[in-house]
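So the structure is just underneath, and the comments pick up after that.
The values are calculated or read from the model by the stated rules, or taken from the named source; none is laboratory data. Bear in mind the structure is a predicted one, so any value in this text is a computation, not a measurement. Cβ sites come from the backbone with ideal geometry, for glycine too, and all protein chains shown count toward neighbours.
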Amino acid sequence: MSTEKNLKIMVVDNFSPTRIILINQLRNLGYVNTVESMDGFSALARLKSALFDLVITDWSLSSMSGLDLLKKIRGDSELMHIPVLMITPEDFKGNMITAIKAGLNDYIVRPYEYHKFKNKLEKIFH
């Protein structure tokens, strides 16, 4: 297993079952160093308290949207280097142009196939 698999990844989604599914998919791919956050505010607090290599966030978060979280990450000189992968429902796909302009690294439309998720991670980390 490469050292890349030890990268620290934060999963942000207000729906616990979705976080569990994502974390299990990451573990199946060998990424075992994961942290979960249920909203953008707690995610930001955790991002400022430890070093992370990737943030995977849902577009539709309660209290702070995934886009707002992305903008806060990109606006913080200590966090702006962290890649962000956003998960969006099909009907929000058009919003990804706004997110990409705001500094999004990549996105994936739900429902997605496992191999597409794997490819997105490989693209971000290479």
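Across the range 50-69, what is the total count of residues that are within 21 Å of H126 (Cβ to Cβ) and aliphatic (A, V, I, L, M)?
4
Only one of A102, A50 is over 13 Å from the mean Cα position of the chain (by Cα), small (G, A, S) and closer than 25 Å to N6 by Cβ; which?
On the way: A102 fails: closer than 25 Å to N6 by Cβ.
That would be A50, the only listed residue that is over 13 Å from the mean Cα position of the chain (by Cα), small (G, A, S) and closer than 25 Å to N6 by Cβ.
Can you name every residue in the range 1-34 that is more than 23 Å from P89 (Cβ to Cβ), charged (D, E, K, R) and without any contact (Cβ under 8 Å) to a residue 60 or more places away in the chain?
Scanning the range 1-34 gives K5, K8, R27.
Can you go through S65, S37 and tell me which one is under 21 Å from P111 (Cβ atoms), touching a residue at least 12 places away in the same chain (Cβ under 8 Å) and of a type in the set (G, A, S)?
On the way: S37 fails: under 21 Å from P111 (Cβ atoms).
Only one candidate passes the filter, namely S65.
Every residue in the range 88-111 that is surrounded by fewer than 15 Cβ atoms within 10 Å (Cβ to Cβ), of a type outside the set (V, I, T) and modelled with pLDDT of 90 or more, please.
Listed by number, the residues that qualify are K101, G103.
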